[in-house]
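Asker: What follows is a structure written as structure tokens; I'll ask about it next.
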Amino acid sequence: MPHTQPAPDTGRSPILSTQGLSVHFGARSALDSVTLDIEPATITSLLGPNGAGKSTLLRVFAGVIPPTHGSVHHRGKAIRRPVADVTYVPQRSGADWSFPISVLETVLHGLSRHAPRYRPFDRRQRRQALDALDQVGLEPLANVQIGSLSGGQQQRVFLARALVACGEVLLLDEPFTGVDVPTQEMFLGLFETLRQRGVTIVFATHDLQHAAQSSSRAILLNNTVIADGPPVDILTDETLTTTFQGRIMVFAGAPAKTEPQGISPS
């Protein structure tokens, strides 16, 4: 079994934590005995094959699904339902993009928890939503119906909605899937900007290069934690082969213990 790096000891209390976390769906185990501490104002990437438990872990942190065994906490308090300061962005494929709603209205719904549903959004909130769209390069498309957008633009709408709703934790499930290189680079820049503002970011990805570029900590998952630590230390041939069970070729010719260059199918 590859060596698992302990999370760095920063002396700060974790903002998110799990202890012996297990999640079962019927007879299938999605997560088994996962113990983690996520420090504030950090960027953490979750890596693993399809079905490894990445989405499940994010949904548990978001309070969307409960643990079967073990516990999950936000600032030391058990998470039993969605937490106002934790924003969860699911995969784009899970949304109904045919719904007749504009880009601006979609982003404004990220503020719905801050205002009564019967009260219309005011000018300040609309400006806040437009500012978020500007950050992701979509303000000119504010009045466009969301279904007419490209996949990359739809992902940008998701991120803009998260920006207006964002508290102190941002959880993203496969944010780089189906987006072009400029959008990927914009996301990476926004992540760092948010981190500098004190936001904690945890995202799931299949892309080793994005994990290495944007996160100071990577967690390799396949039902349980395979390795945990700085990407340059844990993204090795040994740990990746164990995590992905030999289904990928790693490092694209680069030796272990160097910055990863991506993955390619075996």
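The values are calculated or read from the model by the stated rules, or taken from the named source; none is laboratory data. Quick caveat: nothing in here was measured; it's all calculated off a predicted structure. Heads up, the Cβs are rebuilt from the backbone with ideal geometry, glycines too, and the neighbour counts pull from every protein chain shown. These accessible areas exclude ligands, DNA and RNA; they are computed on the full protein's heavy atoms, side chains included. Shrake-Rupley method; radii C 1.70, N 1.55, O 1.52, S 1.80 Å.
Asker: Quick one: which of L170, L163 is within 19 Å of D85 (Cβ to Cβ), surrounded by 21 or more Cβ atoms within 10 Å (Cβ to Cβ), without any contact (Cβ under 8 Å) to a residue 60 or more places away in the chain and among the hydrophobic types (A, V, I, L, M, F, W, C)? Lay out the reasoning, then the answer.
Answerer: On the way: L170 fails: without any contact (Cβ under 8 Å) to a residue 60 or more places away in the chain.
The unique qualifying residue is L163.
Asker: Same structure again: Go through the range 183-229 and tell me which strands (runs of 3 or more DSSP E), entirely inside it, have 3 or more residues that are touching a Ser or Thr at 6+ places or on another chain (Cβ under 9 Å) and farther than 22 Å from Q91 by Cβ. Steps first, answer last, please.
Answerer: Values: elements: 200-205, 217-222, 224-229.
Those strands (runs of 3 or more DSSP E) span 224-229.
Asker: Which pairs have Cβ atoms under 8 Å, sit 6 or more apart or on different chains, and link a residue in the range 54-71 that is more than 11 Å from T18 (Cβ to Cβ) to one that is open to solvent by 40 Å² or more (accessible area, probe 1.4 Å) and charged (D, E, K, R)?
Answerer: That search, which allows pairs on different chains as well, returns G63/R80; G63/R81; I65/R59; P66/R80.
Asker: Search the range 202-219 for residues that are over 17 Å from D237 (Cα atoms) and open to solvent by 10 Å² or more (accessible area, probe 1.4 Å) and pair each with any residue that is among the basic types (K, R) and not in a helix (DSSP H, G or I) when their beta-carbon atoms are under 6 Å apart and the residues are at least 6 apart or on different chains.
Answerer: Listed pairs, sorted by first residue: none to list.
Asker: State the number of residues belonging to the range 233-251 that are modelled with pLDDT under 65 and either open to solvent by 70 Å² or more (accessible area, probe 1.4 Å) or touching a helix residue (DSSP H, G or I) at 6+ places or on another chain (Cβ under 6 Å) (or both).
Answerer: Residues meeting the conditions: 3.
Asker: Quickly run through the range 86-114 and pick out the residues that are outside any helix (DSSP H, G or I) and either open to solvent by less than 20 Å² (accessible area, probe 1.4 Å) or modelled with pLDDT of 90 or more (or both). Step through it out loud before you land on a result.
Answerer: Initial filter on the range 86-114 (outside any helix (DSSP H, G or I)): 86-91, 95-102.
Hits for the range 86-114 are V86, T87, Y88, V89, S102.
Asker: Where the second residue is part of a loop (DSSP other than H, G, I, E, B) and not aliphatic (A, V, I, L, M) and the first is under 13 Å from S17 (Cα atoms) and lies in the range 74-85, which pairs have Cβ atoms under 8 Å and are six or more apart or on separate chains?
Answerer: Close Cβ pairs (under 8 Å, with a partner that is part of a loop (DSSP other than H, G, I, E, B) and not aliphatic (A, V, I, L, M)) amount to H74/D85; R75/S13; G76/S13; I79/G63.
Asker: Does at least one position in the range 136-159 carry a residue that is touching a Ser or Thr at 6+ places or on another chain (Cβ under 9 Å) and over 30 Å from P100 (Cα atoms)?
Answerer: No, the range 136-159 has no match at all.
Asker: Does P230 satisfy being open to solvent by 10 Å² or more (accessible area, probe 1.4 Å) and modelled with pLDDT of 95 or more? Quick ask: steps written out before the conclusion?
Answerer: On the way: open to solvent by 10 Å² or more (accessible area, probe 1.4 Å): yes; modelled with pLDDT of 95 or more: yes.
Considered against the rule, which asks whether it is open to solvent by 10 Å² or more (accessible area, probe 1.4 Å) and modelled with pLDDT of 95 or more, P230 comes out as yes.
Asker: If you don't mind, there's one more thing I want to ask. When you scan the range 31-43, how many residues do you find that are of a type in the set (S, T, N, Q), at negative phi and in contact with a Leu (Cβ under 9 Å, 6 or more places away or on another chain)?
Answerer: The total comes to 1.
Asker: Further, regarding this structure: What residue, among those in the range 7-56 that are among the charged types (D, E, K, R) and in a loop (DSSP other than H, G, I, E, B), is most open to solvent (accessible area, probe 1.4 Å)? Reasoning before the result, please.
Answerer: Quick first cut of the range 7-56, residues among the charged types (D, E, K, R) only: 9, 12, 28, 32, 37, 39, 54.
Pick out the ones that are also in a loop (DSSP other than H, G, I, E, B) and you get 9, 12, 39.
Values: D9: 147, R12: 110, E39: 23 Å².
The qualifying residue most open to solvent (accessible area, probe 1.4 Å) is D9.
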